Amino acid sequence: LWYNGMDTKYTDALSLIQSEIIERESLQEAYENLARLSPSLVRMQAKGLVRNVPEIIKLNKQLEEKEAKFVRKILENSDVIRFKESHAKFNPASNEDLHVFFKWVGVKELKSVDEEALLEVDHPVAKLILDKRGESKLRSTYVAPLLDRGKHVCSDGKVHPSTSQSVTVTTRTNSSDPNIQNFPRRDRKEIRRVIGVPPLHKFVAMDYGQLEARVVAMLTKDPVLVAETWNGDDIHGVWTDKLGKRFLPKKLAEPGGRKLIRDGVKNLWTFPQFFRSQLHSVAVDLSNRFKVEISERDLRPFSDEFWDKYKRVLQWQDEVIESYWVNGYVETAHGFRRHEPMNENEIVNLPIQGTAAQIVLDAQYRIDRMAYEMD
């Protein structure tokens, strides 16, 4: 094809320039490490995913019914009924109608009717609108496109998502058409049932336990963190108990409460500390997640304790940031570099997340190679 031919021509011309840079900067190994993973991503896309058609049809109907239920509740609201009597029409899906309605009920300075704005509106219709939109988004994003003749369904009846390692700056994989990496994992995880398995096959879930914490230990060689890693200690669990007892004692004592708190502490406390996030931002995120007031001042003693424990991690962060300002780039353990303006959080983030991403991709490559040879 002429298009592909010209595309390849200019890509090849660019590769000649880039090859000189790669050789000059001694990045051959880093480049080859990334390049060898590409065939597994291509084969994964070519193989495709089997749809669980009965489940897709079932979920599509359920979500339609839930959305319709919220629409009925909106239209049955007493303020909405009175509004329609004086304004003749009201469509819950119309942003213009919503603007007029909320001003009519006394909501002042409402510049938008998006999620962030409606969360601040103290009226039952605002909550119902958000619930309706939630069901609609789930259906239109993850379910309807997988129905027969849906936009993500190919001629073989499968879904063939495109997966790339060159979109994100950390080399984490990026998925599109559809983004299967973004399917709900905790809330509404039933949506994942839209993906099925071929006959005589099974789904197998694999995960690296505390991978990024282990990468931090590997990169920093912090003696405390290394010892905890070798001993199999639950790093996130320790801080779950500390922060939970201080800010969420009742929730911590509830059945299943500790697990919910641990998920939040892991993503909003432990890793942000390792990634050099500002303590103020951590306090805001924890407050929003757990619906309690947690200030930077409240967290300061815990942060001091954290860094008194992991002194070498803090020292490594300083070294990485200093190296970035001297060399103009930061790199993973595999030699992959990122050159561009970055804040301190991004500088520290790249070596950790980038190294972890490449470890996962290497495992995927080896599994793919086994499957290819066995098929």
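The values are calculated or read from the model by the stated rules, or taken from the named source; none is laboratory data. It should be emphasised that the depicted structure is a prediction, and the values quoted were computed from it without experimental measurement. With ideal geometry, Cβ positions are generated from the backbone for all residues, glycine too; neighbour counts draw on all protein chains shown. Heavy atoms of the whole protein, side chains included, go into the accessibility calculation; ligands, DNA and RNA do not. Shrake-Rupley method; radii C 1.70, N 1.55, O 1.52, S 1.80 Å.
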Within the range 221-236, considering residues that are outside any helix (DSSP H, G or I) and among the acidic types (Asp, Glu), the one least open to solvent (accessible area, probe 1.4 Å): 222
Does residue 317 satisfy the condition of being open to solvent by less than 20 Å² (accessible area, probe 1.4 Å) and more than 19 Å from the chain's Cα centre (by Cα)? yes
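Just give me the residues in the range 259-296 being assigned to a helix (DSSP H, G or I), under 17 Å from residue 210 (Cα atoms), open to solvent by less than 90 Å² (accessible area, probe 1.4 Å) and out of contact with any Asp or Glu (no Cβ under 7 Å at 6 or more places or on another chain), in sequence order.
261, 262, 263, 264, 265, 266, 267, 269, 270, 272, 273, 274
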Residue satisfying condition, being touching a helix residue (DSSP H, G or I) at 6+ places or on another chain (Cβ under 8 Å), of a type in the set (A, V, I, L, M) and open to solvent by 30 Å² or more (accessible area, probe 1.4 Å), within set 98, 110, 59, 119: 119
Requiring at least 3 residues that are in contact with an Asp or Glu (Cβ under 9 Å, 6 or more places away or on another chain) and within 29 Å of residue 56 (Cβ to Cβ), the helices (runs of 4 or more DSSP H) wholly within the range 68-143 are 124-138
Hits in the range 158-184 - residues which are open to solvent by 60 Å² or more (accessible area, probe 1.4 Å) and of a type in the set (Gly, Ala, Ser): 166
Would you be able to say whether some residue in the range 212-220 is part of a helix (DSSP H, G or I), β-branched (Val, Ile, Thr) and in contact with a strand residue (DSSP E or B) (Cβ under 8 Å, 6 or more places away or on another chain)? no
Condition met for residue 303 (open to solvent by less than 50 Å² (accessible area, probe 1.4 Å) and assigned to a helix (DSSP H, G or I)): yes
Residue hits (the range 331-375; in contact with a strand residue (DSSP E or B) (Cβ under 9 Å, 6 or more places away or on another chain) and open to solvent by 60 Å² or more (accessible area, probe 1.4 Å)) are 331, 339, 346
Could you list all residues from the range 320-330 that are among the aromatic types (Phe, Trp, Tyr) and surrounded by 12 or more Cβ atoms within 10 Å (Cβ to Cβ)? 324, 329
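For (1) without any contact (Cβ under 8 Å) to a residue 60 or more places away in the chain; (2) touching an Asp or Glu at 6+ places or on another chain (Cβ under 9 Å); (3) farther than 22 Å from residue 359 by Cα, each residue gets a yes or a no:
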site: 152; (1), (2), (3): yes, yes, yes
site: 156; (1), (2), (3): no, no, yes
site: 165; (1), (2), (3): no, no, no
site: 176; (1), (2), (3): yes, no, no
site: 202; (1), (2), (3): yes, no, yes
Would you check which residues across the range 153-195 are of a type outside the set (Val, Ile, Thr) and in a helix (DSSP H, G or I) and list them? 181, 182, 189, 190, 192, 193
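Quick one: which of 9, 89, 73 is surrounded by 14 or more Cβ atoms within 10 Å (Cβ to Cβ) and basic (Lys, Arg)?
Details: 9 fails: surrounded by 14 or more Cβ atoms within 10 Å (Cβ to Cβ); 89 fails: surrounded by 14 or more Cβ atoms within 10 Å (Cβ to Cβ).
None of the others qualify; the one that does is 73.
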Which one is modelled with the highest pLDDT among residues in the range 223-262 that are within 22 Å of residue 350 (Cα to Cα) and within 23 Å of the chain's Cα centre (by Cα)? 236
Can you tell me which of 121, 125 is at pLDDT below 90 and out of contact with any Gly (no Cβ under 6 Å at 6 or more places or on another chain)? 121
Restricting the range 287-314 to residues that are touching a helix residue (DSSP H, G or I) at 6+ places or on another chain (Cβ under 8 Å) and of a type in the set (S, T, N, Q), the one farthest from residue 220 (Cα to Cα) turns out to be 295
Identify, please: which residue in the range 204-218 is open to solvent by less than 90 Å² (accessible area, probe 1.4 Å) and in contact with a helix residue (DSSP H, G or I) (Cβ under 6 Å, 6 or more places away or on another chain) and is, among those, farthest from residue 192 (Cα to Cα)? 217
Pairs under 9 Å by beta carbon, first residue small (Gly, Ala, Ser) in the range 287-310, partner exposed (fewer than 14 other Cβ atoms within 10 Å of the Cβ) and part of a loop (DSSP other than H, G, I, E, B), six or more apart or different chains? 287/293; 287/295
Please work out which one of (1) in contact (Cβ under 8 Å) with a residue 60 or more places away in the chain; (2) buried (at least 19 other Cβ atoms within 10 Å of the Cβ); (3) touching an Asp or Glu at 6+ places or on another chain (Cβ under 9 Å) is the condition residue 239 fails and give its number. (3)
